[in-house]
Amino acid sequence: MTTPHEAGANPITVLTRRLAAGEEAAFREFHAQYFDRLHQFLIVVARGKEHEAREALQETLVRVARYARAFDDEAAFWCWLKAVARNASRDAGRKRTRYAALLQTFANFIRPAAPTAPSADDDRLTAVIDECLAELAPDDRALLQGKYLAGATVNELSIREGLTPKAVESRLLRLRRDLRERVLAKLRQS
């Protein structure tokens, strides 16, 4: 709400002060004014990848709600918004890169890239992994095998399982951790 003192003030100053104060109405106003503009900016930053731009936009909005501060100038506010959006996009890109590397490492662990003569240790590890996979619930085992052996994408798995992609990613993360702990426990026993 605008106070009588703020009535003659710069609209950006008023909006950003209200944002910094955590006013929900100010965030709705900010969203109405800047959502499309930020989205277009992030489409360019993400080189046309709509999904990546949307993820970065969501993170940008969260960061604006968390770290908003008062600005006296619309140009300075827009520069700050662009920096927040660019950093959100970069952070998401780094996260995707780390996640892809982790998945590749896990896939290589289960299915070696180059066929080699298996050693006794390889045979033991394969046997332990197979044993641990067999101990999982059938749905969990099918999800892991679909992702890492059949090469299905998270979106494909989410459609198959009737879950959101985030729910599938969370479930895969939990299953990888569980499988790793089981494998390590069995290897320590032998």
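The values are calculated or read from the model by the stated rules, or taken from the named source; none is laboratory data. Not measured: the values here are computed from a predicted model. All Cβ positions, glycine included, derive from the backbone under ideal geometry; neighbour counts span all protein chains shown. The accessibility values were calculated without ligands, DNA or RNA, using every heavy atom of the protein model including side chains. Shrake-Rupley method; radii C 1.70, N 1.55, O 1.52, S 1.80 Å.
Residues that are at pLDDT below 90 and open to solvent by less than 40 Å² (accessible area, probe 1.4 Å) do occur in the stretch 33-51. Entry remark, the stretch 62-106: residues being open to solvent by less than 50 Å² (accessible area, probe 1.4 Å), under 29 Å from Arg28 (Cα atoms) and aromatic (Phe, Trp, Tyr) number 4 in total. For the stretch 122-136, a residue qualifies if it is under 16 Å from Gln189 (Cβ atoms) and of a type in the set (Val, Ile, Thr), and the qualifying residues are Val128, Ile129.
Pairs are defined by a Cβ separation below 6 Å, a sequence spacing of at least 6 or placement on different chains, a first member in the stretch 141-153 that is under 18 Å from Ala167 (Cβ atoms), and a second member that is in a loop (DSSP other than H, G, I, E, B) and hydrophobic (A, V, I, L, M, F, W, C); the pairs so defined are Gly146/Ala152.
For first residues located in the stretch 68-79 and under 10 Å from Thr16 (Cα atoms), partners that are assigned to a loop (DSSP other than H, G, I, E, B) and open to solvent by less than 30 Å² (accessible area, probe 1.4 Å) and lie 6+ apart or on another chain with Cβ distances below 8 Å form the pairs Phe77/Phe71.
Could you list, in sequence order, all residues of the stretch 7-26 that are in a helix (DSSP H, G or I) and of a type in the set (Gly, Ala, Ser)? Result: Ala20, Ala25, Ala26.
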